[in-house]
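Input: a single structure, listed below in C-alpha cells.
Computed from the coordinates by the stated procedures, all read-outs in this text should not be read as laboratory data. Predicted, not measured: the structure shown is a model, and the values here were computed from it. Using ideal geometry, Cβ is built from the backbone for each residue, glycine included, and neighbour counts are taken over all protein chains shown.
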Amino acid sequence: MQSKDEPNLASATPFAQTYFHGTKANLKVGDLIEVGYNSNYGQRKNAKYIFLSATLDAAIWGAELAVGEGKERIYLVEPTGAIEDDPDVTDKKFTGNPTKSYRSTSAFKVVGEVTVWQGHSASLVKSMRENLERLKEQGINSLND
C-alpha cells in the first residue's frame, strides 16, 4: 500500500508534454488516430506515419491544410508508442525542430479537443497552399509519403 508521503507515479503531472493533432476528422475522446488511411496531405497515399506537434501553431496548420470540407479541429493526443522528429521540418527546412513536429507509426489516443483557437489569415493559408502546390509541381515530395 502506498503511503500518503509517497508520490503516485501513475497520476498526471503538470509537467507532462501536451501534444496536438490538427485535422478535419470528427473524433471523440478515446478514439485512436492510426496509420493506414489516406494521408490528408501530399499525394494522399496510404499514410505510413501519423503526426503530432507540441505547438498549437503547427497543429493549426495541420487542420487548415487538411483536405476535405469538414470542420477544422485540434485534438489533444497522447502517443501510444515512440515518436520521432518529422524530417520534413527538421534540418531539411529548419535547423533542429522549431515547430516541435513529430511522427509515429504507433497510434495516438484522443484525450481532448481544443475548441477555442485562432487560425491563420485566409491570405496566409492561400499562400501556404500555393507554395505546397509549387513544390508538388516541381516533384518535391514529402519524406513521409
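Can you tell me the FRET efficiency between Thr80 and Leu132 if r is taken as the Cβ-Cβ distance and R0 is 35 Å, rounded to the nearest 0.05? So the FRET efficiency works out to roughly 0.75.
How do Val67, Val110, Val77, Val125 rank when sorted from fewest to most other Cβ atoms within 10 Å of their own Cβ? Write down the numbers at each step before the final one.
On the way: Val67 12, Val110 20, Val77 25, Val125 15.
Result, fewest neighbours first: Val67, Val125, Val110, Val77.
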